[in-house]
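Take a look at this one; I'll ask things after.
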Amino acid sequence: MSSVPWLTLLIVIPAVGSLLVAVLPGPAEQAKRLAFGVSLVTLAVGIVAATQFDRSSPAQFQLAEQHAWIPQFGVNYALGVDGIALILILMSLVLTPVCLLAAWHDVEDEGDGGRRVKAYYGLLLSLVPFMVGVFSATDVFLFYILFEAMLVPIYFLIGRFGGPRRQYASMKFLLFGLAGGLVMLVAVIALYLQGPGGTDGFLISKLTGLSIDPTTERLLWLGFFVAFAIKAPMVPVHTWLPDAATEATPATATLLVGVLDKVGTFGMIRFCLQLFPEANAWATPVVVVLAVISVIYGALLAIGQTDMMRLIAFTSISHFGFIVLGIFALTNTSTAGAALYMLNHGFATAGLFLFAAMFIKRRGSKRIPDFGGWQRVTPGIAGAFLVAGLSTLALPGLSSFVSEFLVMVGAFGVFPAGTVIACLVIILASMYILLWYKRVMTGPKPEGLSHIKDWSVREKWVAAPLIGFFVVFGLFPKPALDVINPAVDKTLSYVQANPATLAEGSTK
């Protein structure tokens, strides 16, 4: 057990901060500064907590806390992180102040004493406790509660502050999320009944390695996987994402697609792989087929989009297909690549959403045909957008390349046909990014836009950490992999896999 409750601090600080932002009297500008300041304090605490993480420890979870919550039902407030959870939490804590800074003018004061602005910033900040909690929960029931509760702030962020079709998009998002959550709830309760019970019967450690009837185990696996596939999202349960990403504000879309959707792929590693090894082997061929379909489908539809935000949503469906392929190839290389891909995709998606939003704000349109020649109008933003796009298509030297390469190398020995098809889709990724850049940025300078200015100081501060991440982790991903690899090894040790395959796929 950790002597300092670091994970609880990472939950409590932003939770209290979000309440203060929402109710504090005073101008809206003051609420924005408070929210941004709280996010920086939370990030600082997260960095200090990360320094306490010992990657050589044999324990699966570190920074652990456990307190009885509902002992009559075996539910505990139990937190802990492995390397995969740690990097996802740090990604969340870095992206939150970036998004708060980018959202400075997303919602304007409507003469209501700043209540609308305060509510917006309070809801954005309230996502942090859920992001930290869901990645660190080591009690399955606690994980479920957080998994479902995070739907609420996103629903209001889209439904109240989104675009013209926000009510439709928010309701669709909520219904899909609730449907998946209800299926998982049945599986959670049934899993508890299969376990030893007692006051800590929902702990992951108590539910790992159970001897379960194969048919029952497969049904339990399906209950968890369906919820995670919706959250991820995977074809064919993906249709909520394009609508939600299109109608949400850029900051909301960034945190939704860049962070919260990773709960789906994280859950596949934490629960599907670790708790249900036999069922996992049974379902893997079908999951891999769905992953490859997602890769192709997302890329093809991205090419045909005329709405910038919708295009980014479809690229994410394609990238999530790569992540799922890496997870279910069940080699150390592919799974480590998938975990690193979750990190890299979060930052790459943030770059696309936030840089595209800078153009949309200036042009007043999301439609790609309404642009052209903008690299002559805003060369700084155009350059930052190009770097984010090249990172998204996995250009060597930028962050996404390493993770995509690891997924391909690790998966090829197990699923060569699917991996080759996924490799060919990289060509489509080049098409949708470079064609997008060509249509928006190149061509003669448009007339009547001499009053448009390039990026502001605030926007440069938004771009700096993102571009820095693309370059640093593209050239030197070792720090992240050093944290990820032990967690991958530990998780795969619970999976009934061929030892020779694990040795062949090692990234060490």
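The values are calculated or read from the model by the stated rules, or taken from the named source; none is laboratory data. Just so it is clear, the model here is predicted, and its values are computed rather than measured. Because the Cβ atoms are built from the backbone with ideal geometry, glycine has one as well, and the counts that use them run over all protein chains shown. We work out accessible area using only protein heavy atoms, side chains counted, and drop any ligands, DNA or RNA first. Shrake-Rupley method; radii C 1.70, N 1.55, O 1.52, S 1.80 Å.
Taking only pairs six or more apart or across chains, which ones have beta-carbon atoms under 7 Å, a first residue in segment 248-268 that is among the polar types (S, T, N, Q), and a second residue that is outside any helix (DSSP H, G or I)?
Partner pairs satisfying both residue conditions: Thr249/Ala103; Thr249/Asp106; Thr249/Gly162; Thr265/Ala232.
Now for a separate question. When segment 425-465 is examined, which residues are found to be of a type in the set (Gly, Ala, Ser) and assigned to a loop (DSSP other than H, G, I, E, B)?
Across segment 425-465, the qualifying residues are Gly443, Gly448, Ser450, Ser456.
Here is a further query. Among residues belonging to segment 128-164 that are of a type in the set (D, E, K, R) and assigned to a helix (DSSP H, G or I), point out the one that is most open to solvent (accessible area, probe 1.4 Å).
Arg160
While we're looking at this one, here's another question. Can you give me the number of residues within segment 434-454 that are hydrophobic (A, V, I, L, M, F, W, C), surrounded by 14 or more Cβ atoms within 10 Å (Cβ to Cβ) and at pLDDT below 90?
Count: 1.
Taking the stated definitions as given, is Ala417 aliphatic (A, V, I, L, M), surrounded by fewer than 22 Cβ atoms within 10 Å (Cβ to Cβ) and either outside any loop (DSSP other than H, G, I, E, B) or modelled with pLDDT of 90 or more (or both)? Before the answer, list the steps.
Details: aliphatic (A, V, I, L, M): yes; surrounded by fewer than 22 Cβ atoms within 10 Å (Cβ to Cβ): yes; either outside any loop (DSSP other than H, G, I, E, B) or modelled with pLDDT of 90 or more (or both): yes.
Spelling it out, Ala417 is indeed aliphatic (A, V, I, L, M), surrounded by fewer than 22 Cβ atoms within 10 Å (Cβ to Cβ) and either outside any loop (DSSP other than H, G, I, E, B) or modelled with pLDDT of 90 or more (or both).
What residue, of Trp221, Trp240, is crowded, with 17+ Cβ neighbours inside 10 Å and under 30 Å from Leu354 (Cα atoms)? Before the answer, list the steps.
On the way: Trp221 fails: under 30 Å from Leu354 (Cα atoms).
Residue meeting the stated conditions: Trp240.
Right, something else. Just to check your reading of the model, which residue among Ala429, Ala422 is touching a residue at least 12 places away in the same chain (Cβ under 8 Å), more than 13 Å from His345 (Cβ to Cβ), out of contact with any Asp or Glu (no Cβ under 8 Å at 6 or more places or on another chain) and open to solvent by less than 20 Å² (accessible area, probe 1.4 Å)?
Ala422 is the lone residue from the list that is touching a residue at least 12 places away in the same chain (Cβ under 8 Å), more than 13 Å from His345 (Cβ to Cβ), out of contact with any Asp or Glu (no Cβ under 8 Å at 6 or more places or on another chain) and open to solvent by less than 20 Å² (accessible area, probe 1.4 Å).
Check segment 203-218 and report whether any residue there is closer than 21 Å to Val237 by Cβ and surrounded by 15 or more Cβ atoms within 10 Å (Cβ to Cβ).
Yes, there is a match, as at least one residue in segment 203-218 is closer than 21 Å to Val237 by Cβ and surrounded by 15 or more Cβ atoms within 10 Å (Cβ to Cβ).
From the list Ala68, Ala59, which one is open to solvent by 30 Å² or more (accessible area, probe 1.4 Å), over 30 Å from Phe359 (Cβ atoms), assigned to a strand (DSSP E or B) and at pLDDT below 95?
Details: Ala59 fails: assigned to a strand (DSSP E or B).
The conditions single out Ala68.
On to the next question. Can you find, within segment 110-121, the residue that is surrounded by the fewest Cβ atoms within 10 Å (Cβ to Cβ) among those that are under 13 Å from Ala251 (Cβ atoms) and within 24 Å of the chain's Cα centre (by Cα)? Give the steps one after another, and end with the answer.
First, the residues of segment 110-121 that are under 13 Å from Ala251 (Cβ atoms): 117, 120-121.
Retained after the next criterion (residues that are within 24 Å of the chain's Cα centre (by Cα)): 120-121.
Details: Tyr120: 26, Tyr121: 30.
Step by step, filter segment 110-121, then rank; the result is Tyr120.
So, one more: For segment 375-389, give me each residue that is farther than 13 Å from Thr442 by Cα and not hydrophobic (A, V, I, L, M, F, W, C).
Once the filter is applied, which keeps residues that are farther than 13 Å from Thr442 by Cα and not hydrophobic (A, V, I, L, M, F, W, C), segment 375-389 yields Gly380, Gly389.
Given the criterion aliphatic (A, V, I, L, M), modelled with pLDDT under 95 and either farther than 20 Å from Leu492 by Cα or surrounded by 24 or more Cβ atoms within 10 Å (Cβ to Cβ) (or both), identify the matching residue among Val226, Val295. Steps first, answer last, please.
Numbers: Val226 fails: modelled with pLDDT under 95.
Just a single option satisfies the conditions, and that option is Val295.
Looking at segment 396-417 only, could you name the residues that are of a type in the set (Gly, Ala, Ser) and either in contact (Cβ under 8 Å) with a residue 40 or more places away in the chain or within 15 Å of Val324 (Cα to Cα) (or both)?
If the condition is that a residue be of a type in the set (Gly, Ala, Ser) and either in contact (Cβ under 8 Å) with a residue 40 or more places away in the chain or within 15 Å of Val324 (Cα to Cα) (or both), then Gly397, Ser399, Ser400, Ser403, Gly410, Ala411, Gly413 are the ones that fit.
Can you find a residue in segment 103-120 that is in a loop (DSSP other than H, G, I, E, B), more than 27 Å from Glu459 (Cβ to Cβ) and β-branched (Val, Ile, Thr)?
no
Next question, about the same structure. Is segment 360-371 home to any residue that is within 18 Å of Asp307 (Cα to Cα), free of Cβ contacts under 8 Å to residues at least 40 places away in the same chain, open to solvent by 60 Å² or more (accessible area, probe 1.4 Å) and not β-branched (Val, Ile, Thr)?
yes
In segment 76-109, how many residues are open to solvent by 10 Å² or more (accessible area, probe 1.4 Å), closer than 28 Å to Tyr192 by Cβ and among the β-branched types (Val, Ile, Thr)?
Residues that pass the stated criteria total 0.
Starting from segment 189-200, take each residue that is hydroxyl-bearing (Ser, Thr, Tyr) and list its partners that are assigned to a helix (DSSP H, G or I), counting only C-beta distances under 8 angstrom and pairs at least six apart or across chains.
Tyr192/Val140; Tyr192/Phe141; Tyr192/Leu207; Thr199/Pro71
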